[in-house]
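Since the structure comes first, as structure tokens, the remarks are kept for the end.
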Amino acid sequence: MTQLVQLQQILPELHAAGYEVFAISNDPAERLTAFAEEHGITFPLLSDEDSSVIRSFGIMNQLIQPDEGKHMRWYGIPYPGTYITDPSGIIIDKEFHQHHARRMSGPALLLRLNGEVPEPEDSAPVSAVADEEVGLTPYLLDPTLRLEVISTLVCKLKIAAGRHFYADGAPEAFTPVSTRFEGQGVRFGEPVWPEPQLLVMPELNLTAPVYEGDITVTVPITVTSEIMRLGHGLDQETAEIRLSLTYQACDEHECGLPATVNTSLTLPLETLVEPEGVRTYVQRLERKKAR
């Protein structure tokens, strides 16, 4: 449900790019209508109450059995995901996940659709560190992290003029640039690097992939149940992450030794937009536990 709210927030950008949005679930039409009215959803929410369409697409969650999750109507739900189609309805891209609560955030979906990394919003968490060879500025595309919502961490690198960093695939004698991410209760995906340039060194009879100037690296980032639980609100307000960039800066005459710059970022946390049944069930368990 959080994703539906986020999709509504980026609906103007999606329409401007030529996309229409439809969401389908096994919730009854009355519940979807009430949700749309409460959260201002203007795109169609389609009810597949008996999960017949969900089954026909082969995306019904097979990890949930008929006698499980009755209190929250989890049986019959689809694996969460997104189909992207062309104007004729042919699927050209898709992304699905096993975890019932895992979704792409709105900004992460926009990035997947158009490949353009926006500058940080005024309210976005931003950090910066620099040495003589490189500046590193990480920021979050979303204003907050939510449980199992896949957001995007952007890392902007500014390589010093006249210098280059080696990329993966460089000869063994050189150290490729790399990143490292850490944070308790935070999951990081594989960094996405831009295509490097090819540097030809005829005097050494070598060709190597390199980066120069300003480059942007994106990393999927998700907060997990280690620090945030479904239906329980927030036990902490923020998550701390640490970032390291290791590189070897070279120019046409010489190469420096491998070096590392480090920084950290404080990311605000926010609860999901949850079905009423989840909160009610958790409250009932907590009252029972307190007796």
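Out of (1) in contact with a helix residue (DSSP H, G or I) (Cβ under 7 Å, 6 or more places away or on another chain); (2) among the small types (G, A, S); (3) in a loop (DSSP other than H, G, I, E, B), the odd one out for A173 is which?
Here A173 clears every test but (1).
Examine region 272-281 for a residue that is modelled with pLDDT of 65 or more and either open to solvent by less than 50 Å² (accessible area, probe 1.4 Å) or touching a strand residue (DSSP E or B) at 6+ places or on another chain (Cβ under 6 Å) (or both), and state whether such a residue exists.
yes
Among the residues that make up region 85-94, is at least one of them within 15 Å of the chain's Cα centre (by Cα) and in a loop (DSSP other than H, G, I, E, B)?
no
Go through G213, G183 for me and flag whichever is more than 25 Å from S264 (Cβ to Cβ) and in contact (Cβ under 8 Å) with a residue 40 or more places away in the chain.
G213
Residue check: is V154 open to solvent by 50 Å² or more (accessible area, probe 1.4 Å) and part of a strand (DSSP E or B)?
no
Considering only residues that are without any contact (Cβ under 8 Å) to a residue 12 or more places away in the chain and small (G, A, S), look in region 19-42 and name the one that is surrounded by the most Cβ atoms within 10 Å (Cβ to Cβ).
Among those residues, the one meeting the criterion is A36.
Which residue pairs have Cβ atoms under 6 Å apart, sit 6 or more places apart or on different chains, and have a first residue in region 243-261 that is free of Cβ contacts under 8 Å to residues at least 40 places away in the same chain and a second that is open to solvent by 10 Å² or more (accessible area, probe 1.4 Å) and not in a loop (DSSP other than H, G, I, E, B)?
Final answer for the pair search is T260/S244; T260/T246.
Taking A161 as meeting all but one of (1) buried (at least 17 other Cβ atoms within 10 Å of the Cβ); (2) small (G, A, S); (3) more than 12 Å from the chain's Cα centre (by Cα); (4) more than 19 Å from E195 (Cβ to Cβ), write down the number of the exception.
All conditions are met except number (1).
Out of (1) in contact (Cβ under 8 Å) with a residue 24 or more places away in the chain; (2) under 22 Å from the mean Cα position of the chain (by Cα); (3) open to solvent by 20 Å² or more (accessible area, probe 1.4 Å); (4) over 20 Å from Y79 (Cα atoms), what's the single condition that is false for Q3?
In the conditions (1) in contact (Cβ under 8 Å) with a residue 24 or more places away in the chain; (2) under 22 Å from the mean Cα position of the chain (by Cα); (3) open to solvent by 20 Å² or more (accessible area, probe 1.4 Å); (4) over 20 Å from Y79 (Cα atoms), Q3 misses (4) alone.
Please verify whether R180 is under 21 Å from V134 (Cβ atoms), among the charged types (D, E, K, R) and open to solvent by less than 50 Å² (accessible area, probe 1.4 Å), treating the condition exactly as stated.
no
The values are calculated or read from the model by the stated rules, or taken from the named source; none is laboratory data. A quick note: this is a predicted structure, and the numbers were derived from the prediction, not measured. Neighbour counts are summed over all protein chains in view; Cβ atoms, including those assigned to glycine, are modelled from backbone coordinates with ideal geometry. The area values use the complete protein model at the heavy-atom level, side chains included, leaving out ligands, DNA and RNA. Shrake-Rupley method; radii C 1.70, N 1.55, O 1.52, S 1.80 Å.
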